[in-house]
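Chemist: Questions regarding the structure given below will be posed in turn.
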Amino acid sequence: EKGGYDHFMLKEMVEQPKAMMETLMGRCCESGVTFAGLKLNTEMMKNINRIQIVACGTAYHAGMVGKYYFEKFARISVETEAASEYRYKDPIVDKNTLLIVISQSGETADTLAAIRLAKERGAWVLAVTNVVGSSIAREADDVIYTNAGPEIAVASTKAYVTQVGCMMMLASFLGELNGKMEKAEGSRICHGLMMTPGLIEKALETQAVIKAFADKNHKIYDLFYMGRGVDLYTSMEGSLKLKEISYIHSEAYAAGELKHGPIALIEDGTIVVAVCTQENVFEKMLSNIKEVKARGAHVLAIVQEGHQDIATEVDEVWVIPEMDDDITAIPTIVYLQLLAYYLAVARGCDVDKPKNLAKSVTVE
Ligand code: F6R
């Protein structure tokens, strides 16, 4: 059933190009995004004055990417919150609110509770989920399926990339609905998204390099990730993956925040993964890298092709193909998933059944 792979997690990571293709199919084309069957339309959007994205864990990180691109493409301000926080804080939600929930399983208790609360107060609820007919799919007013196929491994991988794909399509869709995004922009984003299955394939081809890095460094007791802009959310998700399956302590920071405290933890040999895929903050990342290097960090930088010369500043570079800066969240996470996976394997962890974790959290 694992199709010849050692773990479901590896099988599911390898399935990501296909999963992404299924997500985009029939929705994303050069002329823009369409969601067949979606009830939310231009008329309804006129009445929406607040958008909230609510989810847990990995799905919450997809929600952070969603916020970033809703704001960038549709110029709508968005709050993204963990469902366990949202449900207990008397959130500001009413009939003019669009609540977007994200859930692979469609059964997460806190996310379901958030839907019920928002619906009681008249909000329109749009669910992005992987499981057809799940509780969350049934209770929402509108559903977008991620179409990733069944995900068995506890650590979510293909569900995440497809959730991010859906967020980007939604951002572009809403941008067009509210007239804040040029048609050409929409085409650019769709074009970029259509490249992602191939780019994920390229990421998967680098497994030997990632495994070698993991085999050499698996005895670490903590690991730091840093990034700016969308790379911050990729870092957060990479850090969560690592904690879940390898039990290595890790943190992910907005690179500019490091000097406001956490840099105190960097010592000789501490591994820092610097995710640097965004041109607009590349120079800023470079100065943050110099700061941690000055404290002895061992830096692994992830950069797009064209920035290989960062090698003179860091200890290790993973070069990803050149791509539109707005789609890097999708291929880049694959490198971090593989890093978490191979570190966990090198440490002898049971990757598919991490201790203390369940695939679907149906109780609080
Ligand atoms: C991480 C992971 C969890 C889930 C979270 C939400 O790899 O699997 O953090 O993402 O429990 O689950 P869903 O998406 O089913 O609501």
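The values are calculated or read from the model by the stated rules, or taken from the named source; none is laboratory data. These figures come from a predicted structure and were not determined experimentally. Cβ: placed from backbone, ideal geometry, glycine included. Neighbour counts: every protein chain shown. These accessible areas exclude ligands, DNA and RNA; they are computed on the full protein's heavy atoms, side chains included. Shrake-Rupley method; radii C 1.70, N 1.55, O 1.52, S 1.80 Å.
Chemist: With a 1.4 Å probe and every protein chain kept in, tell me what percent of the accessible surface of the stretch 8-109 is carbon plus sulfur.
Modeler: Heavy-atom surface of the stretch 8-109 belonging to carbon and sulfur, 1.4 Å probe: 52 percent.
Chemist: How much of the DSSP bridge set in the stretch 13-106 is antiparallel, in percent, rounded to the nearest 5?
Modeler: Taking every DSSP beta bridge with both residues in the stretch 13-106, the antiparallel ones total about 15 percent.
Chemist: Based on the mean of other beta carbon atoms within 10 Å per residue, what is the order of 339-346, 67-74, most packed first?
Modeler: The peptides rank, most packed first, as 339-346, 67-74.
Chemist: Restricting to the chain, what percent of DSSP beta bridges are antiparallel, rounded to 5?
Modeler: Approximately 5 percent, going by the DSSP bridge assignments.
Chemist: Enumerate the amide H contacts of Thr270 below 5 Å, restricted to partners 5 or more residues apart or on another chain; note that Pro and chain-start residues carry no placed amide H.
Modeler: The list, which skips near neighbours in sequence, is His298.
Chemist: Compute the acute angle (0 to 90°) between the alpha-carbon long axis of helix 329-346 and the principal axis of greatest extent of the alpha-carbon atoms of the chain; round to the nearest 10°.
Modeler: So the helix axis and the longest Cα principal axis differ by about 50 degrees.
Chemist: While we're looking at this one, here's another question. Over 31 Å between C-alpha atoms is what I'm after, so list which of Lys95/Lys180; Lys2/Lys72; Lys11/Lys219; Lys290/Lys359 land there.
Modeler: Among Lys95/Lys180; Lys2/Lys72; Lys11/Lys219; Lys290/Lys359, the Cα-Cα distance tops 31 Å for Lys2/Lys72; Lys290/Lys359.
Chemist: Rounded if a/c is under 1.5, else prolate if a/b is larger than b/c, else oblate: which is the stretch 158-233, with a ≥ b ≥ c the root eigenvalues of its Cα gyration tensor?
Modeler: Note, shape of the stretch 158-233 comes out prolate.
Chemist: Just how far, in whole angstrom, is the stretch 63-89 from the stretch 343-357 if you go by their alpha carbon centroids?
Modeler: A separation of 31 Å, based on Cα centres.
Chemist: Let me ask you something else. From zero outward in steps of 10 Å, how is the percent of C-alpha pairs of the stretch 127-174 spread across the bins?
Modeler: Calculated over all Cα pairs of the stretch 127-174, the distribution is 27, 52, 21, 1 percent.
Chemist: In degrees from 0 to 90, rounded to the nearest 10, what is the angle of the helix 158-177 Cα long axis to the longest principal axis of the chain?
Modeler: So the inclination is approximately 50 degrees.
Chemist: For the stretch 215-285, what is the largest minus smallest coordinate of the Cα atoms on each principal axis, given in angstrom and ordered from greatest to least?
Modeler: On the principal axes, the stretch 215-285 reaches 34, 23, 21 Å in Cα extent.
Chemist: Express the carbon and sulfur contribution to the solvent-accessible surface of the stretch 291-364 as a percent, rounded to the nearest whole number, probe 1.4 angstrom.
Modeler: 47
Chemist: With every protein chain left in place, what is the accessible area per residue of the chain in square angstrom, probe 1.4 Å?
Modeler: Ligands and nucleic acids excluded, the figure is 40 Å² per residue.
Chemist: Full-extension gain between Phe282 and Tyr88, please, as 0.36 nm times their residue separation minus the C-alpha to C-alpha distance.
Modeler: 66.0 nm
Chemist: I need the trypsin sites (Lys or Arg not before Pro) found in the stretch 152-238, filtered to DSSP loop residues with at most 11 other beta carbons within 10 Å of theirs.
Modeler: Lys219
Chemist: For a test of the definition: using alpha carbon positions, the gyration tensor, and the 1.5 limit on a/c, classify the stretch 1-106 as rounded, prolate or oblate.
Modeler: The shape class here is oblate.
Chemist: Once the mean 1/r over all distinct Cα pairs of the chain is inverted, what Kirkwood radius in angstroms do you read off?
Modeler: 20.7
Chemist: Give me the orientation-averaged projected area of the Cα convex hull of the stretch 281-320, in nm², one decimal.
Modeler: Result: 2.5 nm².
Chemist: Counting helices only, and only those DSSP H runs with n ≥ 4, report the 222 nm mean residue ellipticity of the chain as the sum of -39,500 (n - 2.57) divided by its residues, in deg cm²/dmol to the nearest 500.
Modeler: -14000 deg cm²/dmol
Chemist: Further question: What's the extension gain from Glu71 to Leu38 if we count 0.36 nm per residue and subtract their Cα-Cα distance?
Modeler: Result for the pair: 9.8 nm of gain on full extension.
Chemist: Of all accessible surface on the stretch 114-212 at a 1.4 Å probe, what whole percent is carbon and sulfur?
Modeler: Percent of accessible area from carbon and sulfur atoms in the stretch 114-212: 57.
Chemist: Figure the gain on full extension for Arg295 and Tyr247 (residue separation times 0.36 nm, minus the Cα-Cα span) and round it to one decimal in nm.
Modeler: Full extension from Arg295 to Tyr247 adds 14.8 nm.
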